[in-house]
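Written below as structure tokens is the structure these notes are about.
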Amino acid sequence: MERSEIIIGGDTAGISWRVPLFRFRGSDAGAPSVHIQAALHANELPGTALLHFLLERLRKAEAEGAIRGDITVIPQANPIGLAQSHFGEMEGRFDLGTRTNFNRDFPLVALGERDMLLADIDRRSAVDQLKRRLLHEALGADLVLDLHCDDESVQYAYIDGAFWPEAADLAAALDMRAVFLSDGESTAFEEAVGHAFKRREGEVAKSVPGRLSVTVELRGRRDVYPDMAARDAEGLWRFLAGRGIVADPAFAAKAYTGPAVPLDNIDMVRAPEAGTILFHRDIGDEVKAGDLLATLLLRPGEPDGTLQVTAGHDGLIATRSSARHARRGDDLMKIACREPTRKDRKPGTLED
Ligand SMILES: [Zn+2]
């Protein structure tokens, strides 16, 4: 294993950012290579915990000669977000200086233009440098996993239809409850990688065998526990074994049995009015159209002061807000439905 650092000069004097990077060299030139990173949204730490345990496993595997493909691991990809503290809370999702989501505005380039990402890089802002270096690193691998998490959430992933159903092995290995099939048109990290993988000689490929770019949502922000992280690391290890990146004689493939739904089938349940939220249903619940999801206390104490929010469609509650007060229009839940629920969605991931 080789440990190195991406070093980025700050935008003001006296600051530099360091991103530790762990690289394992595979013994088999024919095996796929993989890039795995976590906490691009710096306050989403389940992936960082997972990768801590996975690195332990990979070091052991290296000592046993069991690493077949090249593996790059970045357990904490965003030191800039990690350092942002705003009124006592980490702001890990948006760059405070530009109000830009750390997981948007990645440059869209074809694979052949990869090195352009680093042209004149020293003239760019620290955040832009970070994005370009991470993307450049990822585009050197065949398989790219970006580990995020949701608010309160089951285990799920956003996967571009071009990589599905090939990526069902990842969903099975991580015991995902759902897969959201995205259409790859925003500037999230995963979609910038997918953009590069899909563009070949001016054409956009509908499927890209042997490649993968995925945003994994490792449950909710507070789901950071030693047993859970170790179990997820074991799951990711099984994925690597199945793809021949590590050798594991005990590996046995299993099938993914959960739903894989287009983003148009995601019902974003919103608060029609502001109020205190009393949830009646939890993540992981299957619901029917008409089921009571939440009561909003619009005017507490008044006889007509409540509003009931019900399910519009049958489906699985994939995520839930951790807030217990909603402003009008706030998201309360994401429900993975069996049928399309909306026609007004703009292409791209919802909000990873
Ligand atoms: Zn995220």
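The values are calculated or read from the model by the stated rules, or taken from the named source; none is laboratory data. For clarity, every value in this text was computed on a predicted model and none was experimentally measured. FYI the Cβ positions are ideal-geometry reconstructions off the backbone, even for glycines, and counts take in every protein chain you see. Heavy atoms of the whole protein, side chains included, go into the accessibility calculation; ligands, DNA and RNA do not. Shrake-Rupley method; radii C 1.70, N 1.55, O 1.52, S 1.80 Å.
For the range 60-134, the list of trypsin sites (Lys or Arg not before Pro) that fall in a loop by DSSP and count at most 14 other C-beta atoms within 10 angstrom reads ARG99.
The local environment of ASP223, defined by Cβ-Cβ distances under 12 Å, has a net charge of -3 under the rule Lys, Arg +1 and Asp, Glu -1. For the range 268-312, with all protein chains in place and a probe radius of 1.4 Å, 48% of the accessible heavy-atom surface sits on carbon or sulfur. Applying both filters, DSSP loop and at most 16 other Cβ atoms within 10 Å, to the chymotrypsin sites (Phe, Trp or Tyr not before Pro) of the range 246-313 gives PHE251. Under a model in which nothing but the beta-carbon of Lys, Arg (+1) and Asp, Glu (-1) is charged, the chain shows a dipole of about 200 debye around its Cα centre. As a ratio to 2.2 N^0.38 Å, the alpha-carbon radius of gyration computed for the range 125-203 takes the value 1.18. Quick one: net charge around VAL208, please, counting Lys, Arg +1 and Asp, Glu -1 for every other residue with C-beta under 11 Å from its C-beta. Net charge around VAL208: +2. The candidates TRP164, TRP237, arranged from most to least accessible area with a 1.4 Å probe in the full protein assembly, appear as TRP164, TRP237. A quarter of the convex hull surface defined by the alpha-carbon atoms of the range 1-73 gives 5.9 nm² as the mean projection.
Extension gain for ASP314-ALA274 works out to 11.9 nm (0.36 nm per residue, less the C-alpha to C-alpha distance).
Using a probe of 1.4 angstrom and keeping all protein chains present, the accessible surface of the range 1-146 works out to 46 square angstrom per residue. Residues TYR158, TYR225, ordered by accessible area of protein heavy atoms at a 1.4 angstrom probe radius and largest first, appear as TYR225, TYR158.
At the residue level, ASP264 shows approximately 60 square angstrom of accessible surface with a 1.4 angstrom probe and all protein chains present. Please identify the longest segment of the chain free of exposed GluC sites (Glu not before Pro), where exposed means a DSSP state other than H, G, I, E or B and no more than 12 other Cβ atoms within 10 Å. Answer - 202-352. Compactness ratio for the chain: Cα radius of gyration over 2.2 N^0.38 Å (N = residue count) comes to 1.02.
The packing ranking, built from the mean of other Cβ atoms within 10 Å per residue, places the peptides 207-214, 73-80 in the order 73-80, 207-214, highest first. Each residue, ASP175 and ASP282, gets one label point 7 Å from its Cα in the Cβ direction; the gap between the two is 1.5 nm. Sequence-distant contacts, meaning Cα pairs under 8 Å at least 6 residues apart, place the relative contact order of the chain at 18 percent. A simple spin-label model places pseudo-atoms 7 Å from Cα toward Cβ; at ARG231 and LYS254 they are separated by 1.1 nm. Entry note, the chain: the mean residue ellipticity at 222 nm calculated from DSSP H runs of n ≥ 4, each adding -39500 (n - 2.57), is -6000 deg cm²/dmol after division by the residues and rounding to the nearest 500. Where q = 0.11, 0.18 Å⁻¹, what log10 of I(q)/I(0) comes from the Debye formula for the range 210-352, counting one point per Cα? Rounded to two decimals, the profile gives -0.56, -1.13.
In the range 83-132, Cα pairs under 8 Å separated by at least six residues give a relative contact order of 24 percent.
For the range 191-304, relative contact order (Cα pairs under 8 Å, six or more residues apart, normalised by length) works out to 13 percent. Just the protein heavy atoms count here, and of the accessible area of the range 156-254 at 1.4 Å, carbon and sulfur take up 51 percent. Residues HIS148, HIS280, HIS136 ordered from highest to lowest accessible area at a 1.4 Å probe: HIS280, HIS136, HIS148.
Note that the range 38-141 shows a convex hull volume over its alpha carbon atoms of 115 Å³ per residue. Computed over neighbours whose Cβ is under 13 Å from that of SER27, the net charge equals -2, Lys and Arg +1, Asp and Glu -1. Annotation note: trypsin sites (Lys or Arg not before Pro) in the range 232-293 located in DSSP loop regions with a Cβ neighbour count of at most 15 within 10 Å are LYS254, LYS288.
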